[in-house]
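Quick notes on the structure that follows.
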Amino acid sequence: MFIISNVFWGIASVGATFFLHIFFVSLVLGLSVIIPIFEIIGYKRKNEGFYRFARRLTSYMVRVDLFAGVLATWLTVFLAAYWPSLLYIATNILFYPITLALAGIMIALVSTALYWYTWDEMRKTTHIVVGLFMAAGALMVAFGMNSILALMFNPYGVKITSAMGLTFFGSNGLNPLANPVFLPLMLFSWFISIALASFIVLTFAFIRSKNDFTEEFQNTFKISRLISIVFSLLSAGTLAWTILELHNYSQYVYLGMASRGFVAISLALAAIVAIVSLASLSEEAIRYSAPLGAVASYVLFMFFEIAANTARYPFMIVTNNTGISSSVLINPMFEIPAILPVAGIGLLIVMMATFLGTLYIAFFVFPVERRGKIAG
Amino acid sequence: MITLTAIFGLLNDGAMNIASTWNAANMAELMTIVGIFVHAFFLIFALGFPIIVLTLESIGIVRKDDDFIKLARNASKLWGITFAAGAVTGTLVEFGLVVVWSGSIALIASMAAAPMIIELYAFLIEIVLIGTYLTTFNRFKKWKGTHVLIGLGVLFGSNLSAYMILAVNSWMQVPWGTGSFVAQTFLPWVPSLGPQVINPEKLKTLVTVLPTIGSGLLSSPGAFQLLSNFTSNPWISLFNPEQNVTYFHNVLAALVITAFLTSSYLAFKILKGYGSKEYNWKGLRVSFLIAAVASFLQALAGDAQGRILYTFQRNIFNATEGIPANGGYDPIVSLLLYGSPNHFFPGSNYLASLLPSGDTLGQLTLSATNTFGPILHTIYYSMIISGVIIVILGVGYFGLYSKILRGIVQGILRMKVETFVLYGSFAGAALGIIASVAGWATREMGRHPWTVYGLITYNDVVNSHAITPVFTAAIIALEIGILLAGIWGIYMIYFKKLKVKHKGGVHY
């Protein structure tokens, strides 16, 4: 039965791509917000150190951004190929949020490219404006895309009609952004992404501040620490809010998570992230808390996404205590040859290795501050 | 103030007029046209630029000439920024496809699945390797060829990507694998379109259900089940005879434009006295040579594309060639197709006579072709004329090396060949863009009213949900904003500080 083959390979393709995508995209989102903050502070304080720091971070971000972006395209095409009905329902009911996300992608990528290529090539205030567009674009993407996940947890705004013995899914006219699950879910993804990026930046700033005791790194270190504390606490709060709304509006998902202890683990991880961020206030503890915070916030984000999305199984869209099964929404037209997803997974492994190798070269062998001296 | 009020009044009236006469498909088409042309602006660099950059780098390595390496490195910056912009606008087009033309999800879920998925892989190869290529420029001190090999990997990725996307577009022009379905159902002049590997009953269900309930078909999993066992060969769209020709035609077009644009930049620097003349000429000779060779090959590809059009889309062929409704003679085309100038080409009246009674879509097709006919004929011939001039420019370039050609150029134009090449660069770039825009516009406009020729119309697949004039205007503004941002970026990198950087004759 080819439906089974399509379901299996569809879950494998979309699942692998989704988790790899959010792994990278969360870092991009966080850095897109943090980098302009450093540049603005540099401008306000007339401190070149902040500029240099922001520039280094940008060089790292642009590389990750390209990889994260390509995985977004993978997701769309895999969804269209394997779950065309799901994608169609989402694009109709969530027409405006998805369009907003699309606009965000365009704004973010273009402004990121401009931000990177025009460093020192334009007035600082203009460059800051480009950076703010970059941040706004990244936030818009997460804003729009989280509406899809919220719809799958709680199909708010969906009208189910029957005609000729068939069931049709359309919009009931309600604004899907008023979905009670949407706002906390979206805010959580914003805040945890910024917290994660800030912990990585904090680690980087801390190492550099110990290697050279310049004011530049001391200052960036303090700012990174403040950002990590604020957004870790916000992440914990919005996670609790998200779980509360799942409890109220998506019982199936909530019970699926709670029965396996995933709710407790998620909240415990959020508490760890918050405590670790506060621990960085101690000069003694920061050596460990900064990298631990980065790892813990990544684990928290990934764990929650995996736990919440697998709790929907076997449904793609949950409606109260039941839902629409993935096999109902699967592409019924023909069996997509298995060689396609198999080749994709193989290629993904090879390209991941190449990408990480390139990052290694870019970060450690020829970092941006050494490049000018060598290339001439 | 009165003038402003009047202008706003006119704009408002115009918008209201559009809103009242245009449907969702018209507005969706407008934003798609702008989006695709903005994408194409950047895409041509991703497709054409690797060949120029890698050629320059390879010459530099073989000749041990650092000037060529510097030329390649400077060009690779543009490659990077246009690739990023191309990826962005490609995302726009792809999302636009599934959001605005949401019924086309059925296409991705069927005949376009294999090429679209392979295209994802090509995109990944391209995006990872271009990062490696740019990061490792000048890093391989002993094994310089390794860097070129990485670049070749990018070239492979970009070409595989183009091949797969064009396979989808080609299937929309010539739905290969449908056998005689199109001829028997809507358009009797269409020949058999390959083996019948698509289930005709399911195809009939699709083409009858879509116009009735629209793309809402996809919103009902049960209704969608009616299309199960749609095809026995999901790879068929990769074996479309239209595809290879379209691929070569597009790649060569991208190469002609980017090579001439590179030549134009270097010619601009030479004429303005920026940088070393010798350095700029080195690059100019190579880029113009690439443009010349590509333009010769493009003439052959264009001829093959015309033959395909004649074979599979006779109504569009008639419109582009300006064949009268009652038919007529076209000696040049006749000579090319039949080896004799006397072949009689039947016109649209003959095609109409083939239509069975009640074939409203067949009549609509001929009506659309007749409506767009004069525009199609004009833009098609602006492409042909631009192409002919480009070939002449390419021949003239060899005056740099041939005494006979040098004499001809100097005799006719009363200018040195060097001057001809400098100014010819600008002309070639402008004409290349005109030819490319005109060619693609002919291809897409000619297909009206079909999304997939002879099977699915625009109205069948458009997402009518909220595509208002305001929404359309906002999306178009965003698309144009991206184009302007990209052009601004190119200006900032390549032009703004040109004068400053070249003080003292510094190479750049």
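Where a number appears in this text, it was derived from the coordinates with a stated rule and is not lab data. On a predicted model such as this, the values are computed, not experimentally measured, just so you know. Please note: Cβ atoms are built from the backbone with ideal geometry, for glycine as well, and neighbour counts cover all protein chains shown.
See the values below:
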| item | result |
| --- | --- |
| Order of B:V154, A:V158 under a 10 Å beta carbon neighbour criterion, fewest first | A:V158, B:V154 |
| Helical segments meeting 18 Å axial Cα length and Kyte-Doolittle 0.0 threshold in chain A (DSSP H) | A:2-45, A:48-82, A:95-117, A:124-153, A:182-211, A:215-249, A:262-279, A:286-310, A:339-360 |
| Against the rule of thumb 2.2 N^0.38 Å, how large the Cα Rg of chain B comes out | 1.06 |
| Spin-label proximity, B:L297 to region B:108-150 - amide N less than 20 Å from point 7 Å beyond Cα toward beta carbon | B:148-150 |
| For region A:1-156: relative contact order, % (alpha-carbon pairs under 8 angstrom, 6 or more apart) | 28 percent |
| Stretch gain in nm, segment A:K46-A:L174, where the contour uses 0.36 nm per residue and the Cα spacing is subtracted | 41.2 nm |
| Förster radius 25 Å - calculated FRET efficiency between A:N248 and A:N309, Cβ distance, rounded to 0.05 | 0.85 |
| Helix-only CD estimate at 222 nm, as mean residue ellipticity for chain A, using -39500 (n - 2.57) per DSSP H run (n ≥ 4) | -27000 deg cm²/dmol |
| Among A:T167, A:T99, A:T126, residue whose mean-square fluctuation peaks in a GNM of chain A (springs only between Cα atoms under 10 Å) | A:T167 |
| Positive-end extreme of charge dipole, region A:183-311 - chosen from A:L300, A:F191, A:F262 (charges on Cβ) | A:F262 |
| Overall form of region B:385-474 per C-alpha gyration tensor (a/c, 1.5; a/b vs b/c) | prolate |
| Scattering curve values for region A:81-178, log₁₀ I(q)/I(0), Debye with Cα scatterers, q = 0.11, 0.17, 0.23 Å⁻¹ | -0.46, -0.77, -1.08 |
| Cα gyration tensor shape of the protein assembly as shown, rounded if a/c is under 1.5, else prolate or oblate by comparing a/b with b/c | oblate |
| Scattering profile of chain A at q = 0.11, 0.12, 0.14 Å⁻¹ [log10 I(q)/I(0), Debye over alpha-carbon scatterers] | -0.82, -0.96, -1.24 |
| Residue-averaged beta-carbon neighbours from other chains (10 angstrom radius) around B:230-239 | 2 |
| GNM result for chain A, Cα springs below 10 Å: residue of A:A205, A:A353, A:A307 fluctuating most strongly | A:A353 |
| Förster radius 41 Å - calculated FRET efficiency between B:F140 and B:I404, Cβ distance, rounded to 0.05 | 0.45 |
| Value of relative contact order over chain B, rounded to a whole percent, pairs C-alpha under 8 Å and six or more apart | 21 percent |
| Dipole in debye (nearest 20) - region A:183-311, about Cα centre, beta carbon charges: Lys, Arg +1; Asp, Glu -1 | 140 debye |
| DSSP H segments from chain B that extend 27 Å or more along their own axis, Cα-based, with Kyte-Doolittle mean of 0.0 or above | B:2-21, B:24-63, B:66-99, B:113-135, B:144-173, B:241-272, B:277-312, B:360-397, B:417-446, B:469-491 |
| Separation of the A:L255 and A:V299 label points, Cα + 7 Å toward Cβ, nm | 3.0 nm |
| Computed magnitude of the charge dipole of the protein assembly as shown (debye, nearest 20; Cβ of K, R +1, Cβ of D, E -1) | 3060 debye |
| Residues A:A163 and A:N321, FRET efficiency given R0 of 22 Å [Cβ-Cβ distance, rounded to 0.05] | 0.30 |
| Per-selection Kirkwood Rh - region A:183-311 (Cα, Å, 1 d.p.) | 14.9 Å |
